[in-house]
Amino acid sequence: MIRAFSVSGTVFLFLLCCSLTTAIPAIAAERIFNLQQAVEFALQNNGDLKALREERGVREAGKIRAGLYPNPVLDLDGTTGELSGSSSENRLSIGISQEFLTMGKRGKRQLVAEKELEGFDRQIDNSGRLLKEEVKTTFYDLLLAEKRVELAERSIALNNQLLEVTKQRLAAGDIPELEVNLARVEVARSEGRKIEAERELFPAKARLIALLGLSPGEAASFSGSLEGKPFTKSLEKLKGVASLKRPDLGALAAERAKSDAEIALARAERIPNVTAGLGYQRENTAIPVAGIEAKDRDNLIGLKLSVPIPLFDRNQAGIREARARKGSAENRYLFARKVVDREVEAAYSRLTTAEKALAIYGKEIIPQLEENLKLVQEAYRLGEVGILTVIEEQKKFFEVNDGYLAALYNHQTALVKLEAAVGAALE
């Protein structure tokens, strides 16, 4: 029995271990996003954008409401003489009435609701445009922080190499101990720079995860490059694309069209609606004649037509209000067109400047920098230059590479700004 129990216990432990080994990767698995995947995921899962999409249902309900006809009205009326001593007398009436919309008001209300829904759709698109800009900028913030950590690690490696060389030369009696101490100081300084660079990593990643709509316990990593391609489109072409593609301009255009529809509706509402009704009435009466009560019953069918007379109120206030809204929408749209042009011009100028700075680094500075550092390191190893020359060259190497990373970042974020200003992909 003991042996049988141990075998069954072994099998149970084996199955338990297998289940744990299959569950752990599922728990520990993290999602890896490139830039495009991060943008697409954010557009689907960002909380603010999801809330706006749900709010769209309010406008859809308004469109449904605008297309509904008025409900018919049922009238019931009954009277009796039971309580006044005339029990034989009573009256019962039933009627139904329906309001009929005139001047095509239903269609005009539907058009107003459609334009309001269209404007809200463009507002959702504009929120998506701004979200894309924020996600891409934060993505490049994270990449810049990671590249600066890598640069700091390389600086640590270079200073450790220098420290080893100084120790070897000190052992050989070529240099004083002061140079070894200087090399140790540079190692410590480079480690401090790494700590400063790492300080920017967590906030950027946390912000990006929040924008994507990931839950706090969900692990994610991001991969990408700061390298970019040269941009060749002209400014005038970009302005033309922006005037057609910017969703905020589309929302203002829909608002302008809605104001036109509101004016047409307000003018139609000068003419009142007509209410028609059909009724049936049954009346029982009793007339005393020579001590005898003569009873009579009448069955009546009636038609009713009700039309308000537009004598004082011809919807003057509604028409004035609609015209004021149209003027406001027109001015906002024209002003927004100018603002969009200025945004495109500013973003284009920023991108042009960033490309010039990047070209200087890529063609003239970076290729020569590595070679200069190697030559100085070798010269120090041979005793041809002092340690201060090496330290200065390594500082220059770190600063220039950090500037190059900043130039790459500025180029990419300038592209992001231009894409947001145009309202369309630039590829």
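Among LYS136, LYS395, which comes first, second and so on when ranked by fewest other beta-carbon atoms within 10 Å? Before the final figure, lay out each step's value.
Working: LYS136 23, LYS395 14.
Ranking LYS136, LYS395 by Cβ neighbours within 10 Å, fewest first, gives LYS395, LYS136.
Think of it as helices only: each DSSP H run of n ≥ 4 in the chain is worth -39500 (n - 2.57), and spread over all residues that comes to -24000 deg cm²/dmol at 222 nm. Expressed as a whole percent, the proportion of Cα-Cα pairs in the range 363-420 lying more than 12 Å apart is 71%. Each Lys or Arg adds one and each Asp or Glu subtracts one; over the other residues with Cβ under 10 Å from the Cβ of ALA276, this totals 0.
Starting from the Cα gyration tensor of the range 88-157, take the square roots of the eigenvalues, sort them a ≥ b ≥ c, and report rounded, prolate or oblate (rounded when a/c is under 1.5, otherwise prolate if a/b is larger than b/c, else oblate). In terms of gyration-tensor shape, oblate.
Using the Cβ-Cβ distance between VAL185 and SER223 with R0 = 25 Å, the FRET efficiency computed as 1/(1 + (r/R0)^6) comes to roughly 0.10. For the range 142-294, the fraction of C-alpha pairs farther apart than 21 angstrom is 78 percent. Over the range 45-147, the alpha carbon radius of gyration divided by the compact-protein estimate 2.2 N^0.38 Å works out to 2.25.
If you add up the charges near THR352, with Lys and Arg at +1 and Asp and Glu at -1, over every other residue whose beta carbon is less than 14 angstrom from its beta carbon, what do you get?
+2
Specify the inter-centroid distance of the range 409-427 and the range 154-173, based on alpha-carbon positions, in whole Å. So the two Cα centres are separated by 45 Å.
For ARG154 and MET103, a Förster radius of 60 Å and the Cβ-Cβ distance give a FRET efficiency of 0.20, rounded to the nearest 0.05.
Working value for the chain: equivalent-ellipsoid semi-axes of 82, 36, 15 Å, each the square root of 5 times a Cα gyration tensor eigenvalue, largest first.
The alpha carbons of the range 287-414 give a radius of gyration and a Dmax of 44.3, 150 Å, in that order. Distance between the C-alpha centres of the range 97-144 and the range 259-330: 37 Å, rounded to the whole angstrom.
The share of C-alpha pairs in the range 149-230 whose separation exceeds 22 Å stands at 51 percent. In units of the rule-of-thumb radius 2.2 N^0.38 Å, the range 223-360 shows an alpha carbon radius of gyration of 2.42.
The distance between label points at ARG91 and LEU426 comes to 8.2 nm (points 7 Å beyond Cα on the Cα→Cβ vector). Sorted from greatest to least, the principal axis extents spanned by the alpha carbons of the range 79-200 come out as 137, 41, 13 Å. By the Kirkwood approach, averaging reciprocal distances over each pair of separate Cα atoms, the range 327-381 gets a hydrodynamic radius of 15.1 Å. A Förster distance of 51 Å, applied to the separation of the beta-carbon atoms of ALA51 and LYS338, puts the FRET efficiency at 0.95. The residues neighbouring ARG65, those whose beta-carbon lies less than 12 Å from its own, together hold a net charge of +2 under the Lys/Arg +1, Asp/Glu -1 convention. Sorting the segments 129-135, 278-284 by their mean number of nearby beta carbons within 10 angstrom, highest to lowest, gives 129-135, 278-284.
Values quoted throughout were computed directly from the atomic coordinates according to the rules given, and no laboratory measurement underlies them. Just so we're clear, the structure is a prediction, and the values are computed from it rather than from any experiment. Counting neighbours? That spans all protein chains shown, and the Cβs are built from the backbone with ideal geometry, glycine included.
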